[in-house]
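Here's the structure we're looking at; comments come further down.
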Amino acid sequence: MSLPKSSAVLFLSFLFAVNSFAQVPYGPIKPTPPGEILSNLKKLNVLGSVLYVAAHPDDENTLMLSYLAKERLVRTGYLALTRGDGGQNLIGAEQGENIGVIRTQELLAARRVDGPDQFFSRAYDFGFSKSTDEAVRTWGQEKVLADVVWAIRKYQPDVIITRFPPDARAGHGHHSASGYLAEEAFKISNDRKAFPEQLAYVKPWQPRRILWNVFIPGAFLSNKKPEEAGNLISIETGLYNPLLGKSYGEIAAESRSQHKSQGFGVAANRGARIDYLLLKGGDPVQTDLLDGVDISWRRIKNGEGAQTRVTQLIATFRPDQPAASVPALVQLYGAISQLDTSNLYVKTKRQEVQTLIQQCLGLYFESNPTSYAATPGETIRLNTNVVSRADVPIRLVGVRYVANDSPVLKDTTLNLTLKPNDVVLLPTNLTIPKTAKISQPYWLEKPIDKGLFQVDKQQLIGLPENPPALLASYTFEIDGQRFTFNRPVVYKMTDPVDGEIYRPFIIQPAVTANLTERVYAFADNVPKTADVVLKAGRSNVAGTLKIDVPTGWRVEPASQAFSLTNKGDEQRLSFTIKPDDQAQSGSLRASMTTADGSTFTTGLRLIAYPHIPTQTLFPPAEAKLVKLDIKVTAKNVGYIAGAGDEIPAALQQMGCRVTLLGPAELSGNLSAYDAIVTGVRAYNTNEYLAIYQPKLMDYVKNGGTLVVQYVTPGSGGFIQNGLKVNQIGPYPFTIGRDRVTEEEAKVNVLNPQHRLMTYPNKISDTDFSGWIQERGLYFAQDWDKQYTPLFSMHDQNEADKEGSLIYAPYGKGHYVFTGLVFFRELPAGVPGAYRLFANLISVGK
């Protein structure tokens, strides 16, 4: 194989690798243990494929995926319809598409553990849904169905497995919709009339069968046979793999424990585990999910010779000298290249052989820029290093660099013989094309259309993340044949505690603007100061910052000059904002025009957690302006942080002084606080509340106001419902799973004259307009008669639920528990949510 002559060929070959294996390796090349190399050799003789389909990150049966990928050695993919954007967040304050970015990376981390490829549809996780109909209606059934068909045609699975049935037993409308859409896609994926626009890139494909991975809710590890009528088969998935030194139960637990934002760390199951599969369509099945599927090289014309070569490789593999297998692997690569290279399995197996050559040689190569980001047109310093760890003749022929799908940036011709364990260092300078795209996640480049990400480019649909901003291509001559390996350019730094840390290299704007508040709420016409923090994406950037506001608002000054000398410098500029009597709620938008006439309108958001690569987003540089008819009599508020939310900022916008309360503050005098608020899931996550709960109850008894936001009723913890205390209120009540998911659901006030409904703001129906995603979740139930429910509400075709907010006087004070989703509504600037929350904290004043 000779070095490609055009960057188009190079980039298309890389895109194939991304599309096939669905993950971009942003970390270092890790050494491959001999047992895993042998397992990969055995995989060369398996030409079968399975696509697993569910709705969210963490829905997948990681035990089944581990078994398929590492025991059966079939190409295995997981299609999650959504990125989990509607999920909760136990590790931070990110919500919506931002938690979706985190969960995408957690899912990729899980796949790096259990082995399958990862795919998504364009469906947006808009929150809990109670029916298939609501889910597909909100997403747009035809578009998401098209994405499932696209995944089937691109991946060409022999078998599809669904996690959920297409009915109410799935427990969530997204879950049941994933089963329904998979079954519908199975029926039409081979029909040329179905979504014909896809056929410019893929061909029709008919899987052999579709199966449901039957589960019994609450009894995942019971091994009990489900009582399902039909063609049901059982599979022992809890096996031990001596080559890997782990059971699939251990691998599955490690995989599932990557979902840290959801608190899904689990213990490993090392015992027997039976999984059950029920035929839902296609060819009959007798004893195995791949019954009747030829998974040998016989499915490729003239492929028997490759099978013989692989069998010989397996028999002669030496764990103490993996490099001894390289000559035979090179010959195998040449033999596979003589087959039909348009066949997906020929492409896949050729890539697997090339990867095995690298693994057997211990061949290491990477390119690291001196900065994690650059702007279009900027010149960067890049350090490439290559090392071979095997005593085998290898020549480094050349290194080529490509910026996304732009022309080749540099093509270095070399002819270096690599000596074992000698590091070859190749420093170079690269200029990023002026046309390079900013590294915004492709599914967030356009506004979300309620239930669907807007993605125009067909080839991007399904990819878990962007193709790399900068690609390095290394060509080696090994045993007389040339091989080209493509890897993203990645930034690397050394932390004195954690050692080497990698993060994706990105293309960023010349300047970004972050508003210091997401919402500016005005209860009157008194001016407020808005601070804008500008950050330089390159050196020597100067221009004018302009603030645009809707009619009825004034901003002074209307614009200001800025000047940033060094890359990474920040400058804070302040503006005064004032509404008039006719001002309506709207958005404040910042735009920066630089000296060359370019205009920039984005902010900068980093999502950084130790368990995922740092993610960089460029959201619009804007904040909400909210005109409120609101009064707040509580001025000094204590806040006990929970799993992460942005309500303290909203309280400050109401005019409150907010103090975050930890163990030290809770040990002091609480009487100074007009109200204390607990953050979402505070009683699930803060162990210290078990110590300070009696003091909080005394605070209420002596005249304080305590507002407790929702907690989860999940199992775990040492007290019922996973709570850290036995009783979270002054009188008994429990936490149920009732929720109202329709944000437009009618809210009935049960006692309009109750103080919480009248003081200091008169609450009316209009205060429940404009809510987003849902009304509430994890409502109270079985409450003591001392509590008074304030509201009733229900989703369509359901009975009224009264546990969204309950109130009780206790001693001289006031206690409120609420499952209403203030943690979503206040950051979204919903006026009625501000007014109601103001009443909750002001009830004692």
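The values are calculated or read from the model by the stated rules, or taken from the named source; none is laboratory data. All of these numbers come straight from a predicted model, not from anything done at the bench. Here Cβ is always computed from backbone atoms with ideal geometry, including for glycine, and neighbour counts include all displayed protein chains.
Here is how the numbers come out for the structure above:
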| item | result |
| --- | --- |
| Subset of segment 645-665 [touching a residue at least 24 places away in the same chain (Cβ under 8 Å) and surrounded by fewer than 20 Cβ atoms within 10 Å (Cβ to Cβ)] | GLU646, ALA649, GLY655, GLY662, PRO663, GLU665 |
| Candidate set: segment 803-823, residues that are of a type in the set (Phe, Trp, Tyr) and closer than 14 Å to SER842 by Cα; chosen: the one surrounded by the fewest Cβ atoms within 10 Å (Cβ to Cβ) | TYR807 |
| Residue list for segment 504-514, filter: assigned to a loop (DSSP other than H, G, I, E, B) and closer than 15 Å to PRO613 by Cβ | PHE505 |
| Single condition THR431 does not satisfy, out of (1) closer than 21 Å to THR370 by Cβ; (2) at pLDDT below 90 | (2) |
| Residue check, ASP133 without any contact (Cβ under 8 Å) to a residue 60 or more places away in the chain, of a type in the set (Asp, Glu), part of a helix (DSSP H, G or I) and surrounded by fewer than 21 Cβ atoms within 10 Å (Cβ to Cβ) | yes |
| Filter result (part of a loop (DSSP other than H, G, I, E, B) and hydroxyl-bearing (Ser, Thr, Tyr)) within segment 356-374 | THR370, SER371, TYR372 |
| Residue, surrounded by the fewest Cβ atoms within 10 Å (Cβ to Cβ), within segment 275-316, restricted to residues that are within 37 Å of the chain's Cα centre (by Cα) and assigned to a helix (DSSP H, G or I) | ARG299 |
| Single match in THR529, THR475, THR516 (criterion: assigned by TED's automatic domain parsing to the domain that holds GLN582, more than 30 Å from GLU142 (Cβ to Cβ), of a type outside the set (A, V, I, L, M, F, W, C) and touching a Phe, Trp or Tyr at 6+ places or on another chain (Cβ under 8 Å)) | THR529 |
| Residues within segment 773-793 that are in a loop (DSSP other than H, G, I, E, B), surrounded by fewer than 18 Cβ atoms within 10 Å (Cβ to Cβ) and not basic (Lys, Arg), tallied | 3 |
| Test for GLY377: is it surrounded by fewer than 20 Cβ atoms within 10 Å (Cβ to Cβ), assigned to a helix (DSSP H, G or I) and of a type in the set (Gly, Ala, Ser) | no |
| Single unsatisfied condition, ILE501 versus (1) under 22 Å from the mean Cα position of the chain (by Cα); (2) touching a residue at least 12 places away in the same chain (Cβ under 8 Å); (3) not in a loop (DSSP other than H, G, I, E, B) | (2) |
| Some residue of segment 52-71 being in a loop (DSSP other than H, G, I, E, B) and small (Gly, Ala, Ser) | yes |
| Number of positions in segment 142-198 that are touching a residue at least 60 places away in the same chain (Cβ under 8 Å) and not charged (D, E, K, R) | 23 |
| Boolean, ARG681 is of a type in the set (D, E, K, R) and surrounded by 18 or more Cβ atoms within 10 Å (Cβ to Cβ) | yes |
| Test: PRO319 is modelled with pLDDT of 95 or more and surrounded by fewer than 18 Cβ atoms within 10 Å (Cβ to Cβ) | yes |
| Residue that is surrounded by the fewest Cβ atoms within 10 Å (Cβ to Cβ), among those in segment 73-130 that are of a type in the set (Asp, Glu) and in contact with an Asp or Glu (Cβ under 6 Å, 6 or more places away or on another chain) | GLU97 |
| Which numbered condition ASN486 misses (of (1) under 26 Å from the mean Cα position of the chain (by Cα); (2) not in a strand (DSSP E or B)) | (2) |
